[in-house]
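K.L.:
This structure is in structure tokens; I'll ask about it shortly.
The values are calculated or read from the model by the stated rules, or taken from the named source; none is laboratory data. If you're wondering where the values come from, they're calculated on a predicted model, not measured in any experiment. Here the Cβ is made from the backbone with ideal geometry for all residues, glycine too, and neighbour counts use every protein chain on show. SASA here: full protein model, heavy atoms, side chains in, ligands and nucleic acids out. Shrake-Rupley method; radii C 1.70, N 1.55, O 1.52, S 1.80 Å.
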Amino acid sequence: VLKEVNASEQRLLFRYDAVCHLVTAADGAESFYNTDSNSIRTETAEQARVQDQKTLAAWAEHPQRIVVDNAGEGGFDGKLARVVDKIKDLLKC
């Protein structure tokens, strides 16, 4: 694909100033991961973890990759607050 669009992985990675990866709830917040309340979600928890790891690996070379896991308090709102804090820290650079 890269050859067809005359691009390199490095060039595509650096098109983005930063990448923010929110770890799936299936990894660390399993009780919140289900397909019943989210019609878009079709993967099992195990499939979601595998896909999440692939996505994380795809961005591994980006120098400003932000990873926000499911540790911490506040549920999803707390996770979003951690995202905002990490982006604020990045903007101070």
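K.L.:
May I ask you to list the aspartates and glutamates whose Cα is less than 12 Å away from that of Lys54, ignoring any residue fewer than eight positions away on the same chain?
P.N.:
Counting by Cα, and skipping residues close in sequence, Lys54 has no aspartates and glutamates nearby.
K.L.:
Counting only heavy atoms of the protein chains, get the accessible area per residue of the chain (1.4 Å probe) and round it to a whole Å² value. Provide the component values of the computation, followed by the final result.
P.N.:
Working: 6950 Å² over 93 residues.
Normalised by residue count, the accessible surface of the chain is 75 Å².
K.L.:
Report the calculated FRET efficiency for Glu73 and Val1 (r = Cβ-Cβ distance, R0 = 41 Å), to the nearest 0.05.
P.N.:
0.50
K.L.:
DSSP loop GluC sites (Glu not before Pro) in region 14-48 with at most 15 other Cβ atoms within 10 Å of their Cβ, which ones?
P.N.:
Details: sites: Glu30, Glu43, Glu46; in loops: Glu43.
The qualifying sites are Glu43.
K.L.:
Consider a paramagnetic label point 7 Å from the Cα of Lys54 along Cα→Cβ; state which residues of region 1-33 have an amide N under 20 Å from it.
P.N.:
1-3, 9-10, 13, 20-28
K.L.:
Just the number, please: Stokes-Einstein D of the chain in µm²/s, Kirkwood Rh from C-alpha pairs, 20 °C, 1.002 mPa s.
P.N.:
On the way: Rh = 15.0 Å.
D = 143 µm²/s.
K.L.:
What do you get for trypsin sites (Lys or Arg not before Pro) in region 1-81 restricted to DSSP loop and a cutoff of at most 12 other Cβ within 10 Å of the site's Cβ?
P.N.:
Numbers: sites: Lys3, Arg11, Arg15, Arg41, Arg49, Lys54, Arg65, Lys79; in loops: Lys3, Arg15, Arg41.
Filter output for region 1-81: Lys3, Arg15.
K.L.:
How far, in degrees from 0 to 90, does helix 75-91 lean away from the longest principal axis of the Cα atoms of the chain, to the nearest 10?
P.N.:
Roughly 30 degrees between the two axes.
K.L.:
Can you tell me the 0 to 90 degree angle between the C-alpha axis of helix 45-58 and the longest principal axis of the chain, rounded to 10?
P.N.:
With rounding to tens, the tilt is 20 degrees.
K.L.:
Run the dipole for the chain about the Cα centre, Lys and Arg Cβ at +1, Asp and Glu Cβ at -1, nothing else charged, and hand back the magnitude in debye, nearest 20.
P.N.:
Values: 12 positive and 15 negative charges, 89 e Å.
So the dipole magnitude of the chain works out to roughly 420 debye.
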